[in-house]
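To start, the structure under review is shown below, and the notes come after it.
The values are calculated or read from the model by the stated rules, or taken from the named source; none is laboratory data. Just so it is clear, the structure is predicted and the values come from calculations on it, not from any experiment. FYI the Cβ positions are ideal-geometry reconstructions off the backbone, even for glycines, and counts take in every protein chain you see. Only protein heavy atoms, including side chains, enter the accessible area calculation; ligands, DNA and RNA are left aside. Shrake-Rupley method; radii C 1.70, N 1.55, O 1.52, S 1.80 Å.
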Amino acid sequence: CKQGKCVLVPSGPDEKKHLFAILLDPVQIESYGSKRCVIMVGVTSIRNDIPYDNACVLAEGDHPFIKHASYVDYRRARIEQAEIIEQYVKNGYFSEKEDCSTELLKHLIQGALNSRQISREIKKILHDLLP
């Protein structure tokens, strides 16, 4: 569980698996206790009839899992305990996917810092902890 790792996470009402990327190495976050946490963001398909956050739009090939126009849904960015993510991968609930390229990771982080949809809390954590 580290920065740039990607996993498929069941999400939404149909539990369809979506690609999530980890934006930050596990760290202790003051308001989340003593356990080390990560910040994860999910990727979802762009649909013509649904508005979306354009802070980070992705195309086929930006990551091997992405097959069509997608965006990062910063509104649903989440803080999770690293050990829980690792356990979910170990027991098969989450599936590991290829890591983000350095370029993609930078794009995801910049999108998070620019997004109007991401929570202020997560934006502040990223701002404070990223070099």
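Note on ILE50 and ASN91: the model spin-label points, each 7 Å out from Cα along the C-beta direction, lie 2.8 nm apart. Counting only residues at least eight positions apart within a chain, or on another chain, the aspartates and glutamates with an alpha carbon under 13 Å from that of LYS106 are ASP62. Surface composition of segment 9-73: carbon plus sulfur atoms hold 49% of the accessible area, using a 1.4 angstrom probe and ignoring ligands, DNA and RNA. Cross-link partners for LYS90 among the lysines, with Cα-Cα distance under 16 Å and sequence neighbours closer than 8 places in the same chain left out: LYS2, LYS5.
With contacts taken as Cα pairs under 8 Å and at least 6 residues apart, the chain reaches a relative contact order of 27 percent.
A straight Cα-to-Cα reach below 17 Å connects LYS16 with the lysines LYS67, LYS97, residues fewer than 8 places away in its own chain not being considered. Protection proxy ranking of 66-75, 113-122, by the mean of other Cβ atoms within 10 Å over each peptide's residues and highest first, is 66-75, 113-122.
Here the sum of -39500 (n - 2.57) over DSSP H runs of 4 or more residues, divided by the residues of the chain, equals -7500 deg cm²/dmol at 222 nm, to the nearest 500.
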